[in-house]
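A quick write-up on the structure given underneath.
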């Protein structure tokens with residue numbers, strides 16, 4: 001049996017004012033067989049001095065490296081961990097005193113590869129602490145006494161908010177991580193996405209424990225809240241490539257891949273937003289991260305790509321790569337640009353065919369289509385229509401936007417007016433598209449309450465059919 005039950009790995013970067021709370025929360029655990037590993041990631045404040053002061057008083061391992069970002073610091077800690085289980089704790093957060101004992105007992109009793117749990121989050125500002133609930137899945141109906149295969153849990157619960165990709169919100173069997181060679185991508189942000197995807201993909205036994213054992217601190221200028229710069233954009237490019245590789249590994253499987261696709265969708269949407277908002281387009285021209293992702297996408301097996309992307313995600317990537325070509329990202333690699341144009345031409349044709357098939361399948365007449373929602377999903381639907389069909393949306397004549405929050409004052413999605421959802425009852429409506437993933441269930445319940453079975457409606461999910469598009 002391992003000398004330590006749990007190895008707690010704490011990467012540290014310029015968090016000297018929070019380290020006492022963080023380290024003491026581990027020292028005060030009811031579980032005593034705990035190995036603490038502190039890794040300074042090139043801090044420029046007094047964090048390392050605080051770490052050393054604790055190492056002089058307690059049996060704590062301390063390491064120091066030049067700044068290589070969170071993933072590299074965690075990897076260093078993993079290489080030196082000797083506990084049976086691994087726990088990642090960010091240095092500005094802390095844990096409840098029973099955290100490790102609860103997780104260890106749960107993992108041992110059920111022979112788990114990992115166990116995931118909930119968290120609280122608080123905002124700390126001007127010396128005042130405001131607590132509010134976050135990272136809470138207890139109301140989602142997830143069976144807490146069931147052992148899941150990781151990819152099944154991912155598929156079943158990602159779409160309703162049942163999966164948190166933060167590495168800090170899972171307790172890992174160290175041998176499981178070693179067996180499957182699961183480490184973090186280094187020198188990037190968003191490293192948790194690929195790491196968590198690999199964990200869920202490989203885990204044979206995992207469970208959800210509905211307890212808030214972790215406390216996250218929300219503060220300005222943290223990694224969570226920092227502004228998007230070129231390094232964030234490059235990280236998004238790299239993580240898209242890595243996660244797409246994992247998705248394509250699943251292409252030969254007949255299993256439901258909805259959860260995996262949803263992780264990729266989050267990254268693709270982030271990358272799309274960052275590319276559209278990033279001002280200095282010169283940074284993207286012949287950028288190595290851009291070129292790597294373009295080469296990967298251009299070389300992907302077309303059948304494998306079609307089998308796992310889904311319609312909405314395919315359109316996201318169409319927009320991403322079309323945008324790269326449009327701003328001259330591949331100006332000095334004409335062969336790659338041509339390969340990508342050919343792939344995009346095929347993709348555009350397949351997307352249009354899929355949309356035509358969906359519209360025919362819905363049996364749409366000349367009546368109106370109501371797009372219920374005004375967020376990112378609605379914007380993508382509009383953008384998709386204009387891009388793929390190369391014509392404007394016929395507002396008022398064929399398409400109506402509606403929302404739950406639209407009041408008496410005029411509300412617009414871009415230039416398009418938005419109606420209150422309870423004010424479409426007199427219209428001839430073919431179908432209502434529920435344009436949201438986060439509030440999908442609430443919006444469907446609202447439609448049932450207002451209209452019963454008067455109108456047919458579809459959620460955003462059918463816009464990403466798992467097997468029908470492109471076949």
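The values are calculated or read from the model by the stated rules, or taken from the named source; none is laboratory data. What you are looking at is a predicted structure, and each value in this text was computed from that prediction instead of being measured. For neighbour counting, all protein chains shown are included, and Cβ atoms are generated from backbone atoms with ideal geometry for every residue, glycine included.
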ask   = Do we have residue 50 as crowded, with 16+ Cβ neighbours inside 10 Å, at pLDDT 95 or above and either assigned to a helix (DSSP H, G or I) or out of contact with any strand residue (DSSP E or B) (no Cβ under 9 Å at 6 or more places or on another chain) (or both) here?
value = yes
task = Six or more apart or on different chains, Cβ under 8 Å: which pairs go from a residue in the range 80-107 that's free of Cβ contacts under 8 Å to residues at least 60 places away in the same chain to one that's buried (at least 22 other Cβ atoms within 10 Å of the Cβ)? Could you list them?
result = 80/37
Residue that is farthest from the chain's Cα centre (by Cα), among those in the range 212-259 that are surrounded by 22 or more Cβ atoms within 10 Å (Cβ to Cβ) and at pLDDT below 80 = 257
task = Taking the residues in the range 338-369 that are part of a loop (DSSP other than H, G, I, E, B) and surrounded by 14 or more Cβ atoms within 10 Å (Cβ to Cβ) as candidates, determine which candidate is modelled with the highest pLDDT.
result = 362
request  = Please state which one of 318, 372 is touching a helix residue (DSSP H, G or I) at 6+ places or on another chain (Cβ under 7 Å), surrounded by 15 or more Cβ atoms within 10 Å (Cβ to Cβ) and not assigned by TED's automatic domain parsing to the domain that holds residue 243.
outcome  = 372
message = Within the range 66-176, considering only strands (runs of 3 or more DSSP E) that don't extend past its boundaries, which have at least 1 residues that are more than 17 Å from residue 31 (Cα to Cα), more than 18 Å from the chain's Cα centre (by Cα) and at pLDDT 95 or above?
response = 114-125
message = Going by what's in this entry, would residue 43 be described as surrounded by fewer than 22 Cβ atoms within 10 Å (Cβ to Cβ) and within 23 Å of residue 172 (Cβ to Cβ)?
response = no
ask   = Residue check: is residue 292 farther than 30 Å from residue 398 by Cα and modelled with pLDDT of 80 or more?
value = yes
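To keep it simple, each residue is scored yes or no on (1) at pLDDT 80 or above; (2) assigned to a helix (DSSP H, G or I).
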residue	(1), (2)
397	no, no
402	yes, no
409	no, no
447	yes, yes
450	yes, yes
455	yes, no
inquiry  = Would you confirm, using the coordinates I've provided, whether residue 109 is within 27 Å of residue 262 (Cα to Cα) and surrounded by fewer than 21 Cβ atoms within 10 Å (Cβ to Cβ)?
reply    = no
inquiry  = Given the criterion buried (at least 18 other Cβ atoms within 10 Å of the Cβ), at pLDDT 95 or above, more than 22 Å from residue 169 (Cα to Cα) and in contact with a helix residue (DSSP H, G or I) (Cβ under 7 Å, 6 or more places away or on another chain), identify the matching residue among 60, 10, 36.
reply    = 60
